[in-house]
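Written out below as structure tokens is the structure these notes cover.
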Amino acid sequence: MLLHQKFIESAKKFGSKMFVIDRTTGRNLTYSRGLIASMILAEKFKQYEPGFIGILLPTSGGGALSMLGALMSGRVPVYINYSTGAAQNCEYAQQKCDFKTIITSKALLEKIKCPVVDGMVFVEDILESVTSFEKIRAALKTKLPASMLTAKYAQGDEHDTAFILFTSGSEKDPKGVQLTHHNIIANIQSLEKVFTFGPDDTFLAQLPYFHIFGQTGNLWAPIYFGMTIVSYANPLDFKTISDIVREEKCTLMVGTPAFFWGYLQKSEPGDFKTVRIMLTGADKCPDALRKGFLEKHNVTLLEAYGATETSPGITVNTHKNNRPGSVGRPLPGVQVRVENYETGEMCKTGDIGKILTKGDNVMKGYFDDFEQTSLAIRHGWYDTGDMGWMDEDGYLWHVGRLKRFLKIAGEMVSLVKVEDVLEKLLPDGASCCVVEVPDHLRGAKIVAAVTHPIEEKEVLRKMSEKLPNIALPKQFVQIEELPKMGSGKIDFRKVTDLVREIVQAKR
């Protein structure tokens, strides 16, 4: 099955049911109107070069329709991050994937102060060019049986690339992840086996579509089950998001811990009373965040784990099987292996090693990068680059990126564990990030960036009760805010560069 084929089936089945409630623009779409609009866009997109087509649009009805129109026109969407350096990201994507056309919006460019890049086509201009005849013709076509519409607009193989997303670039230059129709649908079907979803659900869609959590969670899963999508383009508008969830009676929402912190702080008791599944991923979920939602809203925040390369779900906690602190058990059809990072042998229960995964959710590969694909996928196993351990009941415990481990005196020190201990000693509202800084005597040292003033000696004393001396920060620096990416994840590259500059200046 193809993703846009599933949309055609849902649109024919649910017709007058609300497809998208767009709380940014105030424009709402039924499934029938969504099908008409996507078919019109498909015809418009056919005038552009075949192959890849860029999309630079926020989470909205227009963003969803452009995705559908691109697929139905036979193009492969390349989603571009607009949260930071949008123009540079557009040019990078064009060069990497060798395409020209980028579907975007004048309103978005104005809002993010992005200059026009060669090849940009504006949704506003496309919509203005649509004639009454084209609207009537598309409306008449939607009356055809789903099989006939599929034959015209949804040809291809389930193992074809459905779209390309770029990795976050939090540690190195972004790579183009090729995800197939089969990858995304397999992941949705795995989730279906551990959660109950249906057309009566209303899904809050606030995550960007250039992020896999947004693609699968905020677009394709709702389409697959015929849900209503309530979209809002700014996940950082915490108060408005909380109001929207209450007003639209959303039942499902996903996000990152950084976003959920904002929702917790800006919401009122009762705002999330209709939410039955609240899922967090992309970064470690602090205990205080889980506790906060339970105490203020009586909602259990469930932690999951995944990656862009795995569509994204690998493991998940559920209401029935929930072990707070872990990232849950592997999804049905998804295998997880923890192996020694040096020998490659499978780790014993409780031993920390590299996390590998295998299943139909694993990407096709990195676009035009055979070397990186070969390094990442071996014999079908995708090397996540993360470290963790499996307990006796099959729950996976994530302890950080391999790159966020530091070898000191022959011992592997987890910077994430250091952060976890430090975080519990910080004032309310404070956050931290621990990084490696070159040291001319030791080779490297641990430095902690904190967003609030602290009593360093007292904090170190308390940290020493939980950590060995080699894992204690050798220096603290205060920064106003931890830089984050559009997905809400901490931008470790920027934090590291910032901390190293501060440390160098203090010498």
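The values are calculated or read from the model by the stated rules, or taken from the named source; none is laboratory data. Please read all numbers here as calculations on a predicted model, not as lab measurements. Quick reminder, even Gly has a Cβ in these numbers, built from the backbone with ideal geometry, and neighbours come from all protein chains shown.
T150 - would you say it is in contact (Cβ under 8 Å) with a residue 60 or more places away in the chain, touching a strand residue (DSSP E or B) at 6+ places or on another chain (Cβ under 6 Å) and closer than 18 Å to H4 by Cβ? Criteria not met by T150.
Pull up the stretch 158-198, narrow it to residues that are in contact with a Pro (Cβ under 6 Å, 6 or more places away or on another chain) and in a loop (DSSP other than H, G, I, E, B), then point me to the one that is modelled with the lowest pLDDT. Among those residues, the one meeting the criterion is T167.
Quick one: how many residues across the stretch 7-42 are part of a helix (DSSP H, G or I), crowded, with 18+ Cβ neighbours inside 10 Å and more than 22 Å from the chain's Cα centre (by Cα)? Outline the logic, then answer.
From the stretch 7-42, those part of a helix (DSSP H, G or I) are 7-14, 31-42; that's our starting set.
Filter once more, so that each one left must be crowded, with 18+ Cβ neighbours inside 10 Å: 7-12, 14, 31-42.
Subsequent filtering for residues that are more than 22 Å from the chain's Cα centre (by Cα) retains 8-12, 14, 31-42.
The qualifying residues number 18.
So which of Q95, Q155 ends up being modelled with pLDDT under 95 and loosely packed, with under 15 Cβ neighbours inside 10 Å? Give the derivation first.
Values: Q95 fails: modelled with pLDDT under 95.
None of the others qualify; the one that does is Q155.
Of the residues D368, D271, which single one is at positive phi and more than 22 Å from the chain's Cα centre (by Cα)? Break it down stepwise before answering.
Details: D271 fails: at positive phi.
Criteria check complete, one pass: D368.
With respect to the stated conditions, L144 fails to be touching a Leu at 6+ places or on another chain (Cβ under 7 Å), of a type outside the set (S, T, N, Q) and over 19 Å from A70 (Cα atoms). Taken over the stretch 108-139, the residue count meeting the criterion of being touching a strand residue (DSSP E or B) at 6+ places or on another chain (Cβ under 6 Å) and loosely packed, with under 15 Cβ neighbours inside 10 Å is 0.
G429: surrounded by fewer than 19 Cβ atoms within 10 Å (Cβ to Cβ) and at positive phi, yes or no? So G429 fits the description; yes.
For P199, the criteria (1) in contact with a Gly (Cβ under 6 Å, 6 or more places away or on another chain); (2) buried (at least 20 other Cβ atoms within 10 Å of the Cβ) hold in every case but one, which is (2).
Look through D391, D428, D383 and report the one residue that is assigned by TED's automatic domain parsing to the domain that holds F476 and either closer than 21 Å to E465 by Cβ or not polar (S, T, N, Q) (or both). Show your work before the answer.
Values: D391 fails: assigned by TED's automatic domain parsing to the domain that holds F476; D383 fails: assigned by TED's automatic domain parsing to the domain that holds F476.
Testing whether each residue is assigned by TED's automatic domain parsing to the domain that holds F476 and either closer than 21 Å to E465 by Cβ or not polar (S, T, N, Q) (or both) leaves just D428.
Within the stretch 226-252, residues that are farther than 18 Å from T59 by Cα reach partners that are assigned to a strand (DSSP E or B) and among the β-branched types (V, I, T) with beta carbons closer than 6 Å, at six or more positions or on different chains, in the pairs T251/T202.
For (1) over 20 Å from P312 (Cα atoms); (2) without any contact (Cβ under 8 Å) to a residue 40 or more places away in the chain; (3) of a type in the set (V, I, T), each residue gets a yes or a no:
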| position | (1), (2), (3) |
| --- | --- |
| L375 | no, yes, no |
| W381 | no, no, no |
| G388 | no, no, no |
| H398 | no, no, no |
| R404 | yes, no, no |
| K407 | yes, yes, no |
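Of all residues in the stretch 477-494, those that are hydrophobic (A, V, I, L, M, F, W, C) and surrounded by fewer than 17 Cβ atoms within 10 Å (Cβ to Cβ) total 1.
Checked against (1) of a type outside the set (D, E, K, R); (2) under 16 Å from N469 (Cα atoms); (3) in contact with an Asp or Glu (Cβ under 8 Å, 6 or more places away or on another chain); (4) at pLDDT below 90, L402 meets all criteria but (2). Of the strands (runs of 3 or more DSSP E) lying entirely inside the stretch 49-156, those containing at least 2 residues that are under 23 Å from the mean Cα position of the chain (by Cα) are 52-56, 76-79, 102-104. In the stretch 469-492, the residue that is nearest to F405 (Cα to Cα) out of those that are part of a helix (DSSP H, G or I) and over 18 Å from the mean Cα position of the chain (by Cα) is A471.
Counting only residues that are closer than 21 Å to F166 by Cα and either in contact (Cβ under 8 Å) with a residue 60 or more places away in the chain or surrounded by fewer than 19 Cβ atoms within 10 Å (Cβ to Cβ) (or both), the stretch 342-357 holds 0 of them.
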